[in-house]
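A.B. asks: First the structure, which I've put down as structure tokens, then a few questions once you've had a look.
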């Protein structure tokens, strides 16, 4: 005979050693010679990781499927609306073992703990690994598809850095890009979304706080600039008469940094992570230079203003240097304030375990800010050792991971208990 729901919920316990084995096993897939991990979306290593995750979900007793956007989903509980938890298992090139992966595997461990304790779920629980969060083809592809934000024309245009079409990559793994819109979930279908993540910054570790409660997720905008000049002989063309596309791009990048520092908030960030010069020959004046600009800002109206201001600056630089310019806005994910109810829930369950918390913004983008468009979303941060992330030595010690996973479990249990069971548990307290 099953115990009362509240008692069963109280028995739900994380097996940290099992979670550790999962993290270590997944980290072997896509390992690079430098010790990092490269699992870009729809690559052979990524597909191997998805197959591994599907098998781990099935072993845990979850009903498992891959939706039409490539999201891996495992489910427990009754039919009907579901609580979601997860993150992503794709990585940046030569990345670390925890970014995204910890959130997925912690959610899976919570599902096992809930099932093993015999918790009677009042609603469904789904563990999800979103496709292409890191944006090999389209930034946050899987969560955007689930939120109904991916247009067919966008899929047709999308290419990876090597020029491979997203549509071809999807077909190669058995997905039909024409039907990606069918991955959409409605508000009626989703109760809430929780995501555990490493902070990817130094604040929690420096302040000695074990759990971060994320209030806002920063907005991100990417723009591609193509400066067009004129190819000429590098030895015979006078410096004063050159139309050097690289010099125009370089001047713009430096002046754009000064602009963002002057006009952005203290959370504003500007990065040029992709620079391509053509014809890529040392004795020819560059005829074309392509820059990929990424702007981050947590103040909603400032992000759009900074995008417009940097575009205007690029136009002025190009005009003065007699260069052609094409500016293409790739995407703009606005800043998102996460659910007050879920922030309160996370803080409350942390207090119940005697854990200090810090309310904080996220300077990194996450699937949570996308899913917030269709359901309440909340995030739990655990400290990052040295604030390091997006590099091979990204790490969080296991004793520092445990509090965040336990808070995730307690929050999920409260969201998943049947309403009657929740009222009964509250009356006992």
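A.B. asks: Measure out, as a whole number of angstrom, how far apart the alpha-carbon centroids of region 365-416 and region 208-249 sit.
C.D. replies: Cα centres, region 365-416 to region 208-249: 32 Å.
A.B. asks: Then there is this: Determine the shape class of region 49-156: with a ≥ b ≥ c the square roots of the Cα gyration tensor eigenvalues, call it rounded for a/c under 1.5, and otherwise prolate if a/b is greater than b/c, oblate otherwise. Before the final figure, lay out the partial values.
C.D. replies: Numbers: a/c = 2.41, a/b = 1.49, b/c = 1.62.
Note, shape of region 49-156 comes out oblate.
A.B. asks: Then there's this: Using the Cα atoms as the points, what is the convex hull volume per residue of region 221-333 in Å³?
C.D. replies: Details: hull volume 9.9 nm³, N = 113.
Dividing the Cα hull volume of region 221-333 by its residue count gives 88 Å³.
A.B. asks: Separate question: Given a 10 angstrom Cα cut-off, can you work out which residue in 189, 393, 301 is the most mobile in a GNM of the chain?
C.D. replies: 301
A.B. asks: Let me ask something else about it. With only alpha-carbon atoms counted, please give the Rg and Dmax of the chain, in Å.
C.D. replies: That works out to 23.4, 90 Å for Rg and Dmax.
A.B. asks: Next up: Using only the Cα atoms of region 113-197, each taken as one equal point scatterer with no solvent, compute I(q) by the Debye sum, divide by I(0), and report log10 of the ratio at q = 0.19 Å⁻¹.
C.D. replies: Evaluating at q = 0.19 Å⁻¹ gives log10 I(q)/I(0) of -0.90.
A.B. asks: Please report the antiparallel percentage of the DSSP beta bridges confined to the chain, to the nearest 5. Let's see the in-between values first.
C.D. replies: On the way: 46 of 70 bridges.
DSSP beta bridges in the chain are roughly 65 percent antiparallel.
A.B. asks: While we're on this one: Going by alpha carbons, how many degrees (0 to 90, nearest 10) lie between the helix axis of 44-59 and the longest principal axis of the chain?
C.D. replies: Long axis of 44-59 versus the principal axis of the chain: about 10 degrees.
A.B. asks: State the extension gain, in nm to one decimal, for the chain segment bounded by residue 312 and residue 356, taking 0.36 nm per residue of separation less the distance between their alpha-carbons.
C.D. replies: 11.3 nm
A.B. asks: For the chain, find the longest principal axis of its Cα atoms and tell me its angle to the long axis of helix 16-26, 0 to 90°, nearest 10.
C.D. replies: Approximately 30 degrees, to the nearest ten.
A.B. asks: In addition: Would you mind computing, in nm to one decimal, how far apart the modelled labels at residue 373 and residue 258 are, each placed 7 Å from Cα along Cα→Cβ?
C.D. replies: 3.7
A.B. asks: Checking the a/c ratio against 1.5 first, then a/b against b/c, what shape does the Cα gyration tensor give for region 24-68? Provide the component values of the computation, followed by the final result.
C.D. replies: Numbers: a/c = 4.29, a/b = 1.73, b/c = 2.48.
Verdict is oblate for region 24-68.
A.B. asks: Same structure again: In degrees, nearest 10, range 0 to 90: what is the angle between the Cα axis of helix 245-263 and the longest Cα principal axis of the chain?
C.D. replies: Taking the Cα atoms of the chain, the angle to 245-263 is about 50 degrees.
A.B. asks: Can you tell me which of 318, 240, 82 moves the most in a GNM of the chain? Springs connect C-alpha atoms under 10 Å apart.
C.D. replies: With Cα springs under 10 Å in the chain, the top fluctuation among 318, 240, 82 is at 240.
A.B. asks: Among 359, 321, 402, whose mean-square fluctuation peaks in a Gaussian network model of the chain (Cα, cutoff 10 Å)?
C.D. replies: Comparing 359, 321, 402 in the GNM, the peak value goes to 321.
Every number in this text was worked out from the coordinates using simple rules, so none of it is lab data. All values derive from a computational prediction rather than experimental measurement. A quick note on method: Cβ atoms are made from the backbone with ideal geometry, for glycine too, and the neighbour counts reach across all protein chains shown.
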